[in-house]
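Colleague: Below is one structure. I have some questions about it.
The values are calculated or read from the model by the stated rules, or taken from the named source; none is laboratory data. Note that this is a predicted model, so its numbers are computed, not measured. Counting neighbours? That spans all protein chains shown, and the Cβs are built from the backbone with ideal geometry, glycine included.
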């Protein structure tokens, strides 16, 4: 038989575990600026248990109701460009103006389960020690919409918690740039000087998505090279068709060691948000992003009966081979598959 | 009572009308180089009647079986860039090397019903008079995959008819560039000198799709300006990540009046096809294009029950408003719509 103390401990622990999964409790604590609650809330939205999902939805609804907004800034660049060092140094820099900064990292290739990666804490040593900074990687997830959904929901939670600036960082290489671009207001592309092999890992089309470009490591012997690169990229950007919001992408050089360029980058960001909040573009763009998610997600769900079924997937691959070998045209192949599927369900 | 002659006429006409819709007949005549049969075949694949579709599929199957290949070249550029004049002059130029040229024009915004537009004949006056040139606009179509499907199928028919080069031209402004890019081997972008307002109508991202770029109207007072533009674009392209097939996009200047640049452009095209046929990229790329169509088309069909239903479309728009006003997050909205749909069908 457990004694009273043990029973009490058990009860307290159970209560606190439950409150970690209760929308109302979490909401109150998040609004009060409790970082542990924010972490627990992100774990809740990442959970696959149906009862957690329903609490998560309630919590998100409450947070949306607040209508709080942060500056959502995406940061990307090939490995080796110095993303972490830049975020560490630049994050410290902007905390003279802004009081709370959240950093969400997206890495679709990683397999960490919810919670913090030790790596992130050591990557950003000074930021991770600050009370007004929240750092969190998004757990990888194979469910529909997985990583993107978790990060979008984490953004809403961070906004409710009063974070004024949210960096969404791509950690892995690959498809994550587009995902990040689809959930931020400003997309910052870090580049290395020298436009040769460094570009190999970069996705085509990414330069046109950038709202700002930074040539990193502009210090010591690199300064001259970085300035050349800056001019070259600025000329190239000039040739792109104008953006729908008429924003003109600036190219800066920066050093995370000497802080060179930080003032300019920060004032460029401030101009952007001032102009775009004023013109209403920020809101329009967020609406458009949400509507795109709605459509994509609904489409994915509507296809899931077919693509989540092993038999049909096998039939699909069979037809794919025929299409590849030129036996049948794709349209006809698609119609045959669809008619088979329809008459069997 | 009709007399024998009338009966005979009626019978002949009926027979010829039927043979215009018979896969076997059309196939034979297409292979024999009969342009009227090719026209009739394209009209057949554009037809919405189910019995025509089944003959169309048979015909396409027969044509695919021949395994004949043409150089598929997409040509695009903003209105005013001189596309028709270029195609007229350059088409004549390449007919010294190649014996048969087909020109398919895509204009999703037009409403012409199958058959030739008078405009096309006058746009390309000398080409339209040549026996070895086939010109055909794609009829606009609101069905799933519409215009793209018709043009892809027309390409197969033209290849079976022995055309060695097929230009797929975008006529309208807008989304057609991506459609064209997805069905050709080489994507040619025509540009005007002066990188200002002319770019307004150009889709972002299109420069990175180009396998070749041409600054048009490089004659008279324009020569200098065109050469400057050429250099600027060449520098800009240099900054893009390399293409998967390692092809380096060249920028040429050209004049449809003086034929300046035509030799270089043609030899650039020849180098491309030589290298890409040799490396196997042409085939790989066509396979990939077909598989993409298969997937897209199947996905579209799987969603059609929902999106083709007025009630569900209305519910979708209702939910869209809620998402826009920030009442509900997109993921949750999509799930609610989907669950409602599933439990009702």
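Colleague: Inside the stretch A:305-335, can you point out the residues that are surrounded by fewer than 18 Cβ atoms within 10 Å (Cβ to Cβ) and outside any helix (DSSP H, G or I)?
Modeller: A:308, A:309, A:325, A:326, A:327
Colleague: Quick check: anything in the stretch B:292-304 surrounded by fewer than 18 Cβ atoms within 10 Å (Cβ to Cβ), more than 8 Å from chain A (Cβ to nearest Cβ) and assigned to a loop (DSSP other than H, G, I, E, B)?
Modeller: No, because not a single residue in the stretch B:292-304 is surrounded by fewer than 18 Cβ atoms within 10 Å (Cβ to Cβ), more than 8 Å from chain A (Cβ to nearest Cβ) and assigned to a loop (DSSP other than H, G, I, E, B).
Colleague: Another one. If you check B:244, B:232, which single one turns out to be under 23 Å from the mean Cα position of the chain (by Cα) and over 18 Å from residue B:75 (Cα atoms)?
Modeller: Working: B:232 fails: under 23 Å from the mean Cα position of the chain (by Cα).
Going through B:244, B:232 in turn, the sole match is B:244.
Colleague: Kindly provide the set of residues from the stretch B:81-122 that are assigned to a helix (DSSP H, G or I), modelled with pLDDT of 90 or more and surrounded by fewer than 20 Cβ atoms within 10 Å (Cβ to Cβ), ordered by number.
Modeller: Selection gives B:85, B:88, B:92, B:93, B:94.
Colleague: So in the stretch B:38-50, with the set limited to residues that are in a helix (DSSP H, G or I) and touching a residue at least 24 places away in the same chain (Cβ under 8 Å), which one is farthest from residue B:161 (Cα to Cα)?
Modeller: Out of the qualifying residues, it is B:46.
Colleague: Now, a different point. Out of the residues in the stretch B:220-248 meeting the condition of being under 27 Å from residue B:281 (Cα atoms) and in contact with a strand residue (DSSP E or B) (Cβ under 6 Å, 6 or more places away or on another chain), tell me which one is surrounded by the most Cβ atoms within 10 Å (Cβ to Cβ). Lay out the reasoning, then the answer.
Modeller: Taking the stretch B:220-248 and keeping what is under 27 Å from residue B:281 (Cα atoms), we get B:233-248.
Narrowing the set further to residues that are in contact with a strand residue (DSSP E or B) (Cβ under 6 Å, 6 or more places away or on another chain) leaves B:233-234.
Working: B:233: 23, B:234: 15.
Top of the filtered list is B:233.
Every residue, every condition in (1) touching a residue at least 12 places away in the same chain (Cβ under 8 Å); (2) within 30 Å of residue B:96 (Cα to Cα), yes or no:
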{"residue": "B:229", "(1), (2)": "yes, yes"}
{"residue": "B:239", "(1), (2)": "no, no"}
{"residue": "B:250", "(1), (2)": "yes, yes"}
{"residue": "B:289", "(1), (2)": "yes, no"}
{"residue": "B:308", "(1), (2)": "no, no"}
{"residue": "B:311", "(1), (2)": "no, no"}
{"residue": "B:318", "(1), (2)": "no, no"}
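Colleague: Also, I was wondering about something else. Could you tell me whether the stretch A:146-169 includes any residue that is modelled with pLDDT under 70 and either within 14 Å of chain B (Cβ to nearest Cβ) or crowded, with 23+ Cβ neighbours inside 10 Å (or both)? Walk me through it before giving the result.
Modeller: Within the stretch A:146-169, the subset modelled with pLDDT under 70 is none.
So far as the stretch A:146-169 goes, no, none of its residues is modelled with pLDDT under 70 and either within 14 Å of chain B (Cβ to nearest Cβ) or crowded, with 23+ Cβ neighbours inside 10 Å (or both).
The rows are residues; the columns are (1) surrounded by fewer than 20 Cβ atoms within 10 Å (Cβ to Cβ); (2) within 20 Å of the chain's Cα centre (by Cα); (3) away from chain B (no Cβ under 14 Å).
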{"site": "A:23", "(1), (2), (3)": "yes, no, no"}
{"site": "A:35", "(1), (2), (3)": "yes, yes, yes"}
{"site": "A:46", "(1), (2), (3)": "no, yes, no"}
{"site": "A:52", "(1), (2), (3)": "yes, no, no"}
{"site": "A:56", "(1), (2), (3)": "no, yes, no"}
{"site": "A:72", "(1), (2), (3)": "no, yes, yes"}
{"site": "A:75", "(1), (2), (3)": "no, yes, yes"}
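Colleague: Considering only residues that are at pLDDT 90 or above and within 8 Å of chain A (Cβ to nearest Cβ), look in the stretch B:305-327 and name the one that is nearest to residue A:288 (Cα to Cα).
Modeller: Per the stated criteria, the residue is B:324.
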